[in-house]
Amino acid sequence: MPKRQPRLTSICLSLICFLLLISCGQQTTGPSLGGTPAASPSSPSPSASAQPSPSPTSGSQSQKNIKLVVWDTATSGVQKEIIETLAREFEKDNPGVQIEHEGYPFDELQKTLQRAITSGKGPDIAQINNGESSMGPLVRAKLLIPLTKYDKQYGWSKKFAPALLARNMYTEDGKTFGKGVLWGVSQTGELVGFYYNKKIFQQNGIQVPKTFDELEQVMQTLKDKGVTPLIFGNLDKWQAIHLYGEILGTMTNREYLDGLIYRQGNKSWDTPQIKQAAAKLQEWESKGYFIKNYAALHSDDAWKLFAAGKGAMLLQGSWLTGDIQKAMGSNAGFFAMPPRGNKTVLHVGGVGIPYGIIKTTKYPDVAAKFINFLVSDRAVQLLLENGQLPAIKVPQSYIKPNTVSGDLYKAWNKVNDENALGHYLDWATPTFYDTLTAHLQLLLAHKESPDQFAKALEADYSKFLQQEQK
């Protein structure tokens, strides 16, 4: 989620979970909430023999002098290189079509997309953040094209597990999330977890923690030895959602979390687990486990500090793996949030922000063809060769030992085998991103209690539910 940086929130831009095997070559994407990398690494270097997967020809639209404008959160780094490589290959395979790619920071994209569409200056294709953060409001405003026709043409429902597709679905009236009509297709998978510096771990006699208690012991040991345990930057706000969400994921269960996000079963945010996770976040802050001045540190700067060896761990999403691997090589590793005892952790993540077709486009058929190319065998190959995470179970042949991407792919497969993929919390209501980030800032600054925090979230949620019933 940017999202995704992705991924995370309101108008476009970190799913129930178990992404099952899809045919080995097909694939799908933040950040949500998730994270736009800031580095400018070299271009992807696919195998010379690889060719783009053939795409069905639409037939209903002439492919002459067509320009498709694509907005997403791939502003730099590996993600931008991949999308632009695919765009150039699509142009070559489809003479007369030009792809104009424009990457925006997550917050900027979500704030400007709907306004741009209604003013007639929007794109043809855009990343539409899941849930009530963006997709629901855009569906209700009739600003997206339903993908039912193209789903039948390209077979997306057969490629991806129903639980994955549900995160990109709404009923036609935009009132019910998780079922009905498909409005977007995701290119990547996303998993939030801990990147760690192997050299720092080895120098301090630390092993990768296997339980939540061990994780806390690791952070305390590092702190006692004068090493910054955890780097995260909250200047752009969404990082705290991931940190809080990971802690909450060790304390909650599938029925409760799904109920909140899909608005099923009269669930409330004013509950013990919400407050306990808030208290634990405050405890970590009080103990000095975070890098100094984290509130003034941008997420892009945070990961660069980690890559430079300024801290032992970085809490971030899978979208940064390619850049971290380029910057740190074999010195970087990755592990998912460890569990409390035998309890399954519901990890922050799911699928990347889906690509949807904007209602005002003149070329919906060609737009759908390009989206299909973004989830083709060729796209999966580029993602895996560059340390990115496709929304499929990763084939064993791509899991290289002693690499951060290999650690990520193993964690991803295990999380999906255990049906342990959670949600981005900001999907809950159209205003929940702003509410959640604002109150997490207050919580981290110790200007709000866990009880006040939970009541603020519930107030936003209840207000939206009441509006829905009118």
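Every number in this text was worked out from the coordinates using simple rules, so none of it is lab data. Computed from a predicted model, the values in this text were never measured in an experiment. All Cβ positions, even for glycine, are placed from backbone atoms using ideal geometry, and neighbour counts span all protein chains on display.
Side notes on the structure shown:
- Counting every other Cβ atom within 10 Å of each residue's Cβ, Tyr398, Tyr461 order from fewest to most as Tyr398, Tyr461.
- Each 5 Å bin from zero holds the following percent of Cα-Cα pairs in the stretch 86-172: 3, 11, 18, 20, 21, 18, 9, 1.
- Computed lengthening from Arg140 to Thr211, 0.36 nm per intervening residue step minus Cα-Cα distance: 21.2 nm
- Euclidean distance between Cα centres, the stretch 278-324 to the stretch 351-420, Å: 25
- Across all Cα atoms of the stretch 127-250, the radius of gyration (one decimal) and Dmax (whole number) stand at 20.6, 60 Å.
- With the simple spin-label model, which puts each label point 7 Å out from Cα in the Cβ direction, the Ser397 to Asp434 separation comes to 5.0 nm.
- Additional length obtainable on full extension of the chain from Asn419 to Thr221, 0.36 nm per residue less Cα span: 68.1 nm
- What you get for the stretch 192-350, charging only the Cβ of Lys and Arg (+1) and of Asp and Glu (-1), is a dipole of about 200 debye around the Cα centre.
- Helix-derived mean residue ellipticity, 222 nm - over the chain, DSSP H n ≥ 4, -39500 (n - 2.57), to 500: -12000 deg cm²/dmol
- Positive-end residue of Pro209, Tyr289, Ile247, charge dipole of the stretch 192-350 with Cβ unit charges: Pro209
- With the simple spin-label model, which puts each label point 7 Å out from Cα in the Cβ direction, the Ser286 to Thr271 separation comes to 2.5 nm.
- Principal axis dimensions, the chain - Cα atoms, whole angstrom, descending: 66, 57, 36
- Radius 14 Å from Cβ of Tyr262, net charge of other residues (Lys, Arg +1; Asp, Glu -1): +2
- Placing R0 at 41 angstrom, the Cβ-Cβ distance between Asp93 and Leu235 gives a FRET efficiency of 0.50 after rounding to 0.05.
- Packing here is the average count of other Cβ atoms within 10 Å per residue, and on that basis the peptides 268-278, 312-322, highest first, run 312-322, 268-278.
- Base-10 log of normalised Debye intensity for the stretch 192-350 (one unit scatterer per alpha-carbon) at q = 0.13, 0.19 Å⁻¹: -0.61, -1.25
- Difference of contour (0.36 nm per residue) and Cα-Cα distance, Glu255 to Lys199: 16.2 nm
- Distance between the pseudo-spin-label points of Thr176 and Lys455 (7 Å out from Cα toward the beta carbon): 3.5 nm.
- The charge dipole of the chain, taken about the Cα centre with unit charges on the Cβ atoms of Lys, Arg (+1) and Asp, Glu (-1), comes to about 380 debye, rounded to the nearest 20.
- Estimated FRET transfer efficiency (Lys121, Lys447; beta-carbon r; R0 35 Å; 0.05): 0.30
- Highest-first packing order for the peptide set 241-252, 173-184 is 241-252, 173-184, based on the mean count of other beta carbon atoms within 10 Å.
- Projecting the Cα atoms of Gly259, Ala379, Thr118 onto the dipole axis of the chain, where Lys and Arg carry +1 and Asp and Glu carry -1 at the beta carbon, places Ala379 farthest toward the positive end.
- Peptides 373-383, 109-119, 142-152 ordered by average Cβ neighbours within 10 Å, highest first: 373-383, 109-119, 142-152
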